[in-house]
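Below you'll find the structure, written out as structure tokens, and then a few comments.
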Amino acid sequence: MRQHIIDRRLAGKNKSIGNRERFLRRHKDQVREAVQRAINGRSIRDLEKGEDITIPKRDLTEPIFSHGQGGIREVIHPGNKDYVKGDRIERPPGGGGKGSGSGDASDSGEGEDDFVFSLSKEEFMQVFFEDLALPNMVRTALAEVPEWKSHRAGFSNDGTPSALHVVRSMRGALGRRIALGASSRREIEELQARLLVLRSEDATGDAALVQKHAAEIEEIEARLSHLRGRVKAIPFLDPIDLRFRNRVKQPVPTTKAVMFCVMDVSGSMDEQRKELSKRFFILLYLFLTRHYDKIELVFIRHHTQAQEVTEEEFFHATETGGTVVSSALVLLDEIIQTRYPTSEWNLYVAQASDGDNWHHDSSRCRELLADKILPLVRYFAYVQVAQTEQNLWDEYLQLSETHKQFAMRKVLDASQIYPVFRELFKKEGVGA
């Protein structure tokens, strides 16, 4: 007996969302690997996009029920003209089965391609944040300074002469005149029609009829004079007709920000530490783009010398050397002074390093930050991607105790990046 199950549940749109989520859970490893490959090959600006994921056919096998060996089976194959009951059917020769694209070419048989699955933008970001402890970016704010922006909000009955909307005012005046004079004009038309009838009857010359109509005609003419006066007395433009453009001010976040990404690329920064730094910068970029309409990125690499580089050079250049962190801070201050005045830009700095620095340079870094950089920036986040606390950490620790806009944390593996980021950029009064 064959059973058919028909699902008539009202699921609205996206009826396959449940199946899609189950599919993602079942093939979690392949999806995560594909997302990781996409992250490694993408720039920061292109991170928030979907991705096509190819899953081998062999990984899509489904559990099925089948008959075991033995027993007697009677099967009817429709369209059979070659066999009768009791004949033994041989297996088909090679090439008759299903393949996955391997083997020699053949003019028989069939195969299947690997399955290509498209991740949406939201699904891609969810997988990306998955190993960072929290699945979704929380709504936090970086000491946003509100600005007031004027928006149109219809019309009002009062305002300045410069805001007068002439067309809307005249339209209102016309409507008012029509509404106030409608009944009077209607009565005038009726009285004029009656007056025309009476005078046409008087034109016959009947003296008795003329005398009879005289009083009514006099009354109608008096009424017409009164009604025309009422219509004429309606003002062409009244103060209540005036309409002024209304604008209201609404607070909006400041719309211009620049993020400085400062990364140590000295010899002690291996690939694992650079990867941790990159993922932290990616989180910071995604965070800022949700708070600002215009965001600029400035990338600074340093070893013994610092230089402003492109995004590609920032993450993939192989140049290395010793460590003089102050060279990056000096360059940072020069760029701020020449290109990003604090009256127009909100400045944010993220610095990633393993903390290894030339001993005599760490105190200079603290002085540069305290005297020149921290008074200008809204937030400075220092992330150390190594466990050992060296002299740079000790100098920075003094700054964190005296400057609220300076924060420092350690990140030792990928699972710590998001909790540390969440702690660095949470709102005041919100727990981690």
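The values are calculated or read from the model by the stated rules, or taken from the named source; none is laboratory data. Nothing here was measured: the structure is a model prediction, and the numbers come from that model. So basically every Cβ, Gly included, is an ideal-geometry build from the backbone, and we count neighbours across all protein chains shown.
Descriptive notes on the structure:
- Helices (runs of 4 or more DSSP H) completely within region 338-432 that count 1 or more residues being touching a strand residue (DSSP E or B) at 6+ places or on another chain (Cβ under 8 Å) and either touching a residue at least 60 places away in the same chain (Cβ under 8 Å) or buried (at least 18 other Cβ atoms within 10 Å of the Cβ) (or both): 391-402, 417-424
- Flag for S150 being over 30 Å from F421 (Cα atoms) and surrounded by fewer than 11 Cβ atoms within 10 Å (Cβ to Cβ): yes
Per-residue answers, yes or no, for (1) of a type outside the set (A, V, I, L, M); (2) touching a residue at least 60 places away in the same chain (Cβ under 8 Å); (3) closer than 18 Å to Q405 by Cβ:
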position	(1), (2), (3)
V258	no, yes, yes
C261	yes, yes, yes
A306	no, no, no
F314	yes, no, no
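- Within region 304-332, tally of residues that are at pLDDT 90 or above and among the charged types (D, E, K, R): 1
- Residue match in region 276-294 (condition: more than 24 Å from the chain's Cα centre (by Cα) and either free of Cβ contacts under 8 Å to residues at least 24 places away in the same chain or more than 20 Å from F406 (Cβ to Cβ) (or both)): yes
- Considering residues of region 192-245 that are without any contact (Cβ under 8 Å) to a residue 12 or more places away in the chain and of a type in the set (K, R) only, the residue nearest to A153 (Cα to Cα): K232
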